[in-house]
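The values are calculated or read from the model by the stated rules, or taken from the named source; none is laboratory data. What you see is a predicted model; the values in this text were computed from it and never measured. Using ideal geometry, Cβ is built from the backbone for each residue, glycine included, and neighbour counts are taken over all protein chains shown. The protein model used for the area step is the full one, side chains on, heavy atoms only, and it has no ligands, DNA or RNA in it. Shrake-Rupley method; radii C 1.70, N 1.55, O 1.52, S 1.80 Å.
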Amino acid sequence: MNRQRANGNELIKSIVTVFDIVIVNLLLFGFIELASTVTPAFFHENIKTTFLIANFALLVSMQFYSTLIHHRRVSFEKIFARVARLTLLHVGIFIIGMRLIAENGGNFLAFMFLFWGAEFFCIMVSRYFERNLLAQYRKKGGNTRSVLFVGSDPANLMIYNEMMSDSAMGFRVLGYYANNRMKDAPKELQYLGSKQELLNLLEKNEEELNIDDLFCSISHAENDTIIKLIRFCNKHVVHFFYVPRMIGNVKLNFKPEMFGDIPVLTNHYAPLSIPENKFLKRCFDIVVSGIICLCMLPFMPIIALIIKLQSPGPIFFKQARTGINGMTFQCLKFRSMHVNADADMVQATENDPRKFPFGNFMRKTNIDEFPQFLNVLKGDMSIVGPRPHMLHHTEVYSQLIDKYMVRHFCKPGITGYAQVTGFRGETKELWQMEGRVQRDIWYIENWTFWLDIKIILLTAVSLVKPDKNAY
């Protein structure tokens, strides 16, 4: 059964690979036939050689960046990044190969950019339709994986709910074995018996247990049971997953790290603690912030004049806020309110009388945040990260919300994951700040460069279509 599942995934991967080859060949044919002005002359004169090198380059590229579409849990960002790398490597190898054998080529550079853009677009469109077709196929029962749970810990229920949140993932849960029934378990999650009954089944008729994945969440003290389950899984090519148990309502979200040559588990994993990731993010921050600051220079006098005309006082508003590792820094903004004594204690509200008209407009369109690019250049902030809170809020919410201070494990940002997922603006109730903190921590633990790009694009949309919570 497991071999059939694996073969099914390999078949899906092979079909997608064939489609990619067809797309690239049709695209190259179209360029040669319909876009002769940008296609190097050598391509027209040596069509067979051109197609041979193009396909060879594609096959080589696929060895490094094969499709991820068959994976059950794969985000759009990962698919986007994989297609970008695949097409860039393919075009690079293709053009280098052609340039080495071409005596006179024409404009290879222009062709490279145009062909890469067209190839990337076409393959991304195909990925969209392929992903939807695969989702429909799995919803109808094809390419599924059989899953069994062991233990009644709430952590298992969390895994189950995640699996069932999207039927396109293709998981078929058989049920769970535990000494006690799972609290708040839905009726669809069947109780199959005690752990001893499961062990008896494995000893007497283990072939009857036909599964692909086994999720176990029981005490380490039951090491004999865990070892027997692992041996069964190893023998029958079943994927074994140990799910860390929950203490009360606290999820032990351990991630692996290496302490020298010894594997250890940490409760907070930060991709930005890796020097290469930190360097990439900092370089991006400096380049983009520098460009934006230069572009803003012509508009600064206009913004300053309007602020002065509508409200006496300074152009910029400086406020002490909590930054990385809990350190305090001065956050810059265009002043959007009349000078008042409550600025460091009271959040802005929807009809706040402290706001002047242009200040209200700046807040709705995020223009007031632009001076923070200077904070980014200085190193106090990043373009993307948890929004920095005023010191008063840090003091209050750190006492009320568990893990609140974890959000300070990375630099604060001009925009953030919480802000583009509905948790922007005034926090009238505690649950709103809890939701914001949860998303901030998720961002820190799941950071990727492409996630930053996605958040920036979603923020850019808010400049055109202001958020209803932006006030």
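Here's a check for you: in the range 246-268, which residue that is at pLDDT 70 or above and assigned to a loop (DSSP other than H, G, I, E, B) is most open to solvent (accessible area, probe 1.4 Å)?
By that ranking, first place goes to Asp261.
Return yes when Val461 is closer than 25 Å to Gly326 by Cβ, of a type in the set (Val, Ile, Thr), open to solvent by 20 Å² or more (accessible area, probe 1.4 Å) and part of a helix (DSSP H, G or I) and no when it is not.
no
Can you pull out the residues in the range 17-34 that are surrounded by fewer than 17 Cβ atoms within 10 Å (Cβ to Cβ) and touching a His at 6+ places or on another chain (Cβ under 8 Å)?
Ile32
Quick one: in the range 145-175, of everything that is part of a strand (DSSP E or B) and open to solvent by 40 Å² or more (accessible area, probe 1.4 Å), which residue is farthest from Arg72 (Cα to Cα)?
Leu174
Open to solvent by less than 70 Å² (accessible area, probe 1.4 Å), at pLDDT below 85, more than 20 Å from Leu68 (Cα to Cα) and not in a helix (DSSP H, G or I): which single residue out of Gly105, Gly142 fits that description?
The conditions single out Gly105.
Taking the range 35-59, which residues are buried (at least 17 other Cβ atoms within 10 Å of the Cβ) and either aromatic (Phe, Trp, Tyr) or part of a helix (DSSP H, G or I) (or both)?
Phe42, Phe43, Thr50, Ile53, Ala54, Ala57, Leu58
Suppose we filter the range 399-424 for residues that are crowded, with 17+ Cβ neighbours inside 10 Å and part of a helix (DSSP H, G or I); how many remain?
Qualifying residue count, the range 399-424: 7.
From the set of residues in the range 359-398 that are of a type in the set (Asp, Glu) and under 18 Å from Ile302 (Cβ atoms), which is most open to solvent (accessible area, probe 1.4 Å)?
The selected residue is Glu369.
I need the full set of residues from the range 393-430 which are modelled with pLDDT of 85 or more and over 24 Å from Lys454 (Cα atoms), in order please.
His393, Thr394, Glu395, Val396, Tyr397, Ser398, Gln399, Leu400, Ile401, Tyr404, Met405
Looking at the range 176-206, which of the residues that are over 34 Å from the mean Cα position of the chain (by Cα) and in a loop (DSSP other than H, G, I, E, B) is farthest from Thr225 (Cα to Cα)?
Here the answer is Arg181.
Please determine whether any residue of the range 2-13 is in contact (Cβ under 8 Å) with a residue 40 or more places away in the chain, touching a strand residue (DSSP E or B) at 6+ places or on another chain (Cβ under 9 Å) and among the charged types (D, E, K, R).
Taking every residue of the range 2-13 in turn, at least one turns out to be in contact (Cβ under 8 Å) with a residue 40 or more places away in the chain, touching a strand residue (DSSP E or B) at 6+ places or on another chain (Cβ under 9 Å) and among the charged types (D, E, K, R).
Name the pairs whose Cβ atoms lie under 8 Å apart, with the first residue in the range 184-204 and farther than 19 Å from Ser146 by Cα and hydroxyl-bearing (Ser, Thr, Tyr), the second surrounded by 15 or more Cβ atoms within 10 Å (Cβ to Cβ) and at pLDDT 85 or above, and 6 or more positions between them or separate chains?
Pairs found: Ser194/Tyr177; Ser194/Ala178.
Limited to the range 184-195, what total is found for residues that are open to solvent by 30 Å² or more (accessible area, probe 1.4 Å) and touching a strand residue (DSSP E or B) at 6+ places or on another chain (Cβ under 9 Å)?
Summing the residues that are open to solvent by 30 Å² or more (accessible area, probe 1.4 Å) and touching a strand residue (DSSP E or B) at 6+ places or on another chain (Cβ under 9 Å) in the range 184-195 gives 5.
Which of (1) crowded, with 18+ Cβ neighbours inside 10 Å; (2) in a helix (DSSP H, G or I) does Met62 not meet, given it meets every other one?
Unmet condition: (1).
Which of the residues spanning the range 313-329 are aromatic (Phe, Trp, Tyr) and open to solvent by less than 30 Å² (accessible area, probe 1.4 Å)?
Phe329
Keeping to the range 273-320, report how many residues are in a helix (DSSP H, G or I), under 21 Å from Thr365 (Cβ atoms) and of a type in the set (Gly, Ala, Ser).
2
When you check Ser336 against the structure, is it over 30 Å from Phe409 (Cβ atoms), polar (S, T, N, Q) and surrounded by 15 or more Cβ atoms within 10 Å (Cβ to Cβ), yes or no?
Answer is no for this residue.
Of (1) farther than 28 Å from Phe449 by Cβ; (2) within 23 Å of the chain's Cα centre (by Cα); (3) not in a helix (DSSP H, G or I), Arg73 satisfies all except one. Which?
Just one mismatch for Arg73, condition (1).
Would you confirm whether or not the range 176-183 contains a residue that is of a type in the set (Ser, Thr, Tyr), open to solvent by less than 30 Å² (accessible area, probe 1.4 Å) and closer than 17 Å to Ser146 by Cα?
Yes, that holds for at least one residue.
Filter the range 52-95 down to the residues that are among the hydroxyl-bearing types (Ser, Thr, Tyr) and in contact (Cβ under 8 Å) with a residue 24 or more places away in the chain, then identify the one that is farthest from Asn132 (Cα to Cα).
My answer is Ser61.
Mind checking which pairs have a first residue in the range 436-461 that is at pLDDT 90 or above and a second that is in a helix (DSSP H, G or I) and open to solvent by 70 Å² or more (accessible area, probe 1.4 Å), Cβ under 7 Å, 6 or more apart or different chains?
Listed by first residue and then by second, the contacts come to Ile444/Phe409; Phe449/Leu280.
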